[in-house]
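One structure is given below, encoded as structure tokens.
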Amino acid sequence: MLQENDLISDIYGCVDAPQQWVSVLNQLKRILNASSVALQVYRRETNNTFTLKWSVRDAFSLQHAELHDKWVNNSDNPRHEIPLQSPIQVICDDDYFSPHSPRFQRFQHQLSNAGLGKAIMLDIQGESSAYICLIAHHLVGEDRGFSPDIQALLMRLAPHIKQAVSLTEKMNATLHLHSHMTSAMNQLRTGVLLLDNEANISWCNTCAHQLIDQSSDLSLINQKLVFRQSQDLQEFKTHFQRTVSSSSRGIRRIAVLGKNSEQSIEVLLSPVDQSPSLCVDLNMVSKNNVIMFLKGKDSTSLQQNEIQTLFGLTPTESLLAIALAEGHSLNDYAERRGVSVGTARIQLKSIFSKMRINRQSELVQRLWSSVSASTSRYF
């Protein structure tokens, strides 16, 4: 029983350390006195077929993965057709297949080519159309089966395997979402940082890292912001404490770091509530996090093809619009492009018409507030 309890504990340890599944299956292989053990998770499709979502194997199966996949783990495997008659079932090949079945005889030949013999399967109905199968094999030529004690053990393990698989999939979904959100936030041309109550940085995007790396007034050490100027530190502390303690969620506090520096950074602090539902301990007090935005001297350039698409401009019109947004005059643009000022004015009039604006200041504002200006391109 102690060995079984250790195995159950290790099964749950696989949730946040998936690489431990190999060790768990190695343990289970020894307990079952089997030669190989694999865990497979399928998705049930609308046509009642199954698509493999993910799988893990013991060390022996990993060493022979190519051979097993060639002969056994494919669509010709008749075990895929075994119906799930209850949420949890343990079944052996002899329980379902007739030894005289030509198809099963062919499958046994395939098993022998893979070095595998008799098997026992634990089938579990998982969550959200998931189908879980734990399968253990003897080596080819071994006639012994799997005892009732082994079948009972698999039934006892089934709820824990199901829960571990469910938690693993939820963990993976969360990690994928985090990865996608990080990728999206890394496209912003504004630095974004998430700070806890002690002003430790929980997360920040690429732009924030770049701004801090380039700044002579601000650095990052051990997940803490370090300020070179004492007045910047004091101003940040004041704004941060007021933000954390603020009862109003709409408060935004603004400061400028390194006011006398050419690389000054604009800072905006805003409170972010932690949902009480995220607190594991019911006695835990919900904490307020702070989101921090950084903006340095904007050295970004507008992308011609994106501006052209956003506002329905021609290539020539988009070049003119970008030149004006970047501070060039109409005369400068005309001279650089080798066209008359009159031609440039006609192009500008067309731009105004397409963008439904009347003044150059509106043009500048529209371009720099566009989604193209706010984000970075993938290269």
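The values are calculated or read from the model by the stated rules, or taken from the named source; none is laboratory data. Please read all numbers here as calculations on a predicted model, not as lab measurements. Cβ sites come from the backbone with ideal geometry, for glycine too, and all protein chains shown count toward neighbours. When the accessible area is computed, the model is the full protein with side chains, heavy atoms only, and any ligands, DNA or RNA have been set aside. Shrake-Rupley method; radii C 1.70, N 1.55, O 1.52, S 1.80 Å.
Database remark: amide H of LEU139 closer than 5 angstrom to the amide H of SER35, GLY117 (H placed geometrically; neighbours at sequence offset of 5 or more, or on other chains; Pro and chain starts carry no H). Along segment 83-97 the Karplus relation, 6.51 cos²θ - 1.76 cosθ + 1.60 evaluated at θ = phi - 60°, assigns HN-Hα couplings of x, 8, 8, 8, x, 9, 8, 10, 9, 10, 4, 5, 6, 10, 9 Hz to successive residues, with x for each Gly and Pro. Per residue, segment 125-274 exposes an accessible area of 54 Å² to a 1.4 Å probe, with every protein chain left in place. The portion of the accessible surface of the chain made up by carbon and sulfur, rounded to a whole percent, is 52 (1.4 Å probe; DNA, RNA and ligands excluded). Extension gain for HIS180 to LYS354 (0.36 nm times residue separation, less C-alpha to C-alpha distance): 59.2 nm. Non-local lysine pairs in the chain, meaning eight or more places apart or on different chains, with alpha-carbon distances under 15 Å, amount to 7. Between 0 and 90 degrees, rounded to the nearest ten: what's the tilt of helix 2-13 against the longest Cα principal axis of the chain? With rounding to tens, the tilt is 30 degrees. Comparing Cα centroids, segment 1-59 and segment 184-204 end up 37 angstrom apart. SER86 sits among other residues whose Cβ lies under 14 Å from its own Cβ, and their net charge, with Lys and Arg +1 and Asp and Glu -1, is -1.
Each Cα pair under 8 Å and six or more residues apart adds its separation to the average, and for the chain the resulting relative contact order is 11 percent. Residues whose amide H comes within less than 5 Å of that of LYS53, counting only those at least five positions distant or on another chain, are VAL41, TYR42, ARG43 (H built at 1.01 Å from N in the peptide plane).
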